[in-house]
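Note sheet for the following structure.
Here, each number is a calculation from the coordinates, and none is a lab measurement. In this text the structure is predicted, and so the values were computed from the model without any measurement. Neighbour counts are summed over all protein chains in view; Cβ atoms, including those assigned to glycine, are modelled from backbone coordinates with ideal geometry.
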Amino acid sequence: MSQDLNIPPGTFLGHPKGLYLLFATEMWERFSFYGMRALLVLYAAAATHAVNPGLGWADAQALKLYGWYLGLVYGTAIFGGWIADNWLGQRKAVILGGLVMAAGQFSLAAPLDTLGTSAAFSLPMLGIAFPDTPTSFYVGLVLMCVGNGFFKPNISTMVGDLYAQGDSRRDGAFVIFYMGINVGAFLAPLVCSTLGEDPAYGWRAGFFAAGIGMLLSVVIQLAFAQRYIGDVGREPAAKRSLRLSGGVKQPLTQVERDRLRVIFVIFTFVVIFWATFEQAGGLMNLFADKYARREVGSFLVPTGWFQSLNPLFIVLLGIPFSMLWSRLGAKGRNPATPVKMYLGLAQVALGFICLVIAVFEMQRSGDMKSSMVWLVLAYFFHTTGELCISPVGLSMITKLAPLRLGSLMMGVWFLVNLFGNTLAGYIGAFTENMGQYPWMLGLAGDFGVRAEHAGLLGVFGGLAAVLLLFSIALWAISGRVVVWMHGAEKTTK
């Protein structure tokens, strides 16, 4: 345990009981977030006069909105982390962020015909042009971005504060915490998509259910935090650091500067991971809707259910991965963070290779659709890659960041999602344009792929190639990166 904090004693399954409180808090917040994420593109792209009317946007516009939203919702974390480090403390920041996000979800759930004002939004220099839309839709997205900025970096930092430096359980703890994220993400589409995609209830019911999940997260934190995590997150990190240093501000040491350098180097590679991985809610969501054979007997699998595959695999594989890292750590054989990450990038590449195979299968089918099996395999390999990258990255920040910069650097880490997720939206939207280039049409023709599917072949194949190249590059420099870590991952038990 962090020696200067009053943390209630006792463990469950080898970890502090407070870990499972943070697990539950994050689980319901992620239920809210992923429930809304599963609906956003489909709602924006649904016709205004359809049985279940939406906003009537073009697919490309909806995908760009998706990319910008996912980018900004994580990009605000740097400000939320800085405010928590210096003034609020992590505990208050989490509560404030949860309440603001709940307000955002309920704003999205407001009936379209009672909203009054509407607005269009455009930034021509960035290629953004969103149609005239009820103002509360944009207000809801802004509130989600602001609230997540307070919530996301600070809940993750509190997990690290449960463990002393060198504790071999830390990587495993973040995998368990990550399971909380994905239990919520698994349940969210099953509830929110089932409601939102059903014309009997409509999109608003899905957003409302997401808002209820966010309120549950806040209630759990308010009711049980003091009992299970004690003083964790109460004192702002900068104030705590000053207290531990005897009241004297200390400059960064060379070791601390090197460790910060590691964070920014790894940052570059993880941007590529998120830019490709987040095709799940955009391009892969549309691929499932339009090109996957979703019939099981007489039952048509709702498109949003595919969003539950990744979290389902996380839940199934999380404990085995956690046990693996903990056991290897206890033996002093846990692979260094850069090693886990280049292996993760290669696995995500394998997932896109499965989608390339799906595109080829479409050429031989009469209905120009592919089996769901290839989508399931793609989500599986994306999940195993994610387990080697995302929870490991969260754990890395708590090992490398100086105490007084803990939540701020966690916020910097979530800037990865700003760049990666924004890029993801543009990659998805580019699919239509890529299929229009003569060289791409020629390449697709050489492989027997129809012109209308050339963009899918180019994007899925191109992403697989880029991921493999970045995996090789990280492998090449991993030795130097480990040196800069100055033994931060050396375990003491």
- prompt: What net charge do the residues around residue 484 carry, taking every other residue with its C-beta under 15 Å from that of residue 484, with Lys and Arg at +1 and Asp and Glu at -1?
  reply: +3
query: What pairs from 17/152; 17/340; 92/239 go past 25 Å between their alpha carbons?
result: 17/340
message: If you take every residue apart from residue 8 with its C-beta less than 14 Å away from the C-beta of residue 8, what net charge results, scoring Lys and Arg +1 and Asp and Glu -1?
response: +1
- prompt: About the Cα centre of the range 165-228, what is the dipole size in debye to 20, counting +1 per Lys and Arg Cβ and -1 per Asp and Glu Cβ, all else neutral?
  reply: 220 debye
- request: Could you sort 224-236, 135-147, 347-359 so that the peptide with the highest average Cβ count within 10 Å comes first and the rest follow in order?
  value: 347-359, 135-147, 224-236
Inter-centroid distance (Cα atoms) of the range 453-473 relative to the range 207-247, Å: 40 Å
- line: Once amide hydrogens are built 1.01 Å from N within the peptide plane, the residues lying 5 or more places from residue 167 or on another chain with amide H under 5 Å from its amide H are 492
- line: Residues meeting the amide H criterion for residue 133 (H placed from the backbone, H to H distance under 5 Å, 5 or more places apart or on another chain) are 119, 120
query: Roughly how tilted is helix 203-229, in degrees to the nearest 10 and between 0 and 90, from the longest Cα axis of the chain?
result: 10 degrees
field: Charge context of residue 444, other residues only, Cβ under 12 angstrom, K/R +1, D/E -1
entry: -1
- request: Could you tell me which label, among (1) 1.03; (2) 0.97; (3) 0.93, carries the value of Rg/Rh (Cα atoms, Kirkwood Rh) calculated for this structure?
  value: (2)
- prompt: So, by mean Cβ neighbours within 10 angstrom, what's the order for 377-389, 474-486 with the highest one leading?
  reply: 377-389, 474-486
